[in-house]
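Nothing in this text is a laboratory measurement; each read-out follows from the coordinates by a stated rule. If you're wondering where the values come from, they're calculated on a predicted model, not measured in any experiment. Positions of Cβ are backbone-derived with ideal geometry, glycine not excepted, and every protein chain shown enters the neighbour counts.
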Amino acid sequence: MNCLLLSASVCLSLAAPLSVAAQSKTAPKPIGAIEAGNTDHFLMRDGEVVLRQGSTTKPLYKNVALADGTKVNYKSGIVELPGGKKTTLKEGDYVTMKGEIVFATAGSAAAARGDKSVPATAQYETYVDRNSSTSTTDMETRLTSLNSRITLMAQKIQLLNDKITLLSSTAQRPTDTSQLDQQIKALEEQLRQVK
């Protein structure tokens with residue numbers, strides 16, 4: 001009997017450290033879990049979804065499940081939203097860590113909502129951030145364009161003033177303003193071409 005008690009106490013003393021070690025281990029990450037920050041996102045690039053962290057990208061090796069329930073297939077770009085709706089990412093589209101989809105083009109946004117009236121090649125208009133710094137070349141180009149517009153507008157105003165003067169004269173026969181009208185039309189065409 002003493003031998004049996006001794007064997008049982010030895011077994012318990014050996015098993016106790018093993019159970020403590022097993023409890024102190026961290027739980028394994030779920031399949032597809034990766035280290036990512038709130039500003040990172042999953043970008044469709046060259047036919048596959050990659051993780052973009054700032055200016056760097058990392059390839060994915062498993063599908064991703066986000067905290068809100070959104071699922072991203074890294075090979076096909078199919079995104080399943082928590083409500084069950086599915087859409088396929090196009091080149092440049094991405095999914096934020098909150099599960100929001102951001103479309104790179106108007107065509108890919110239309111395709112996602114099933115709108116066939118918008119061509120697949122449709123692009124968004126260029127967004128200009130008024131708060132960002134622009135390059136010297138961009139500023140010079142804008143200034144040159146602005147100066148051209150100002151010069152053309154000043155010429156048009158002068159021609160219009162000349163026309164007003166001719167038409168308001170007290171001459172008995174009507175004044176011919178066709179030459180001024182042609183010059184004004186030519187200036188309007190030049191203004192349309194200056195961006």
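Packing order of peptides 100-109, 50-59, highest average first: 100-109, 50-59 (average count of other Cβ atoms within 10 Å over each peptide's residues).
Close amide H partners of residue 88, meaning residues 5 or more places away or on another chain with modelled amide H under 5 Å apart, are 79. Model label points for residue 188 and residue 144, set 7 angstrom from Cα along the Cα-to-Cβ axis, are 2.8 nm apart. Put in line by how crowded their Cβ is, counting other Cβ atoms within 10 Å and starting with the fewest, 138, 40 read 138, 40. For segment 53-195, rounded, prolate or oblate, judged on the Cα gyration tensor with a ≥ b ≥ c (square roots of eigenvalues), a/c < 1.5 rounded, else prolate if a/b > b/c? Prolate, because a/c is 1.5 or more and a/b exceeds b/c.
Beta carbons within 10 angstrom, averaged per residue: use that to sort the peptides 114-121, 187-194, highest first. Display every interim value, and only then the final one.
Numbers: 114-121: 9.8, 187-194: 12.4.
Top to bottom by mean Cβ count within 10 Å: 187-194, 114-121.
In this simple spin-label approximation, residue 121 and residue 176 carry label points 7 Å from Cα along the Cα→Cβ vector, and these lie 4.9 nm apart.
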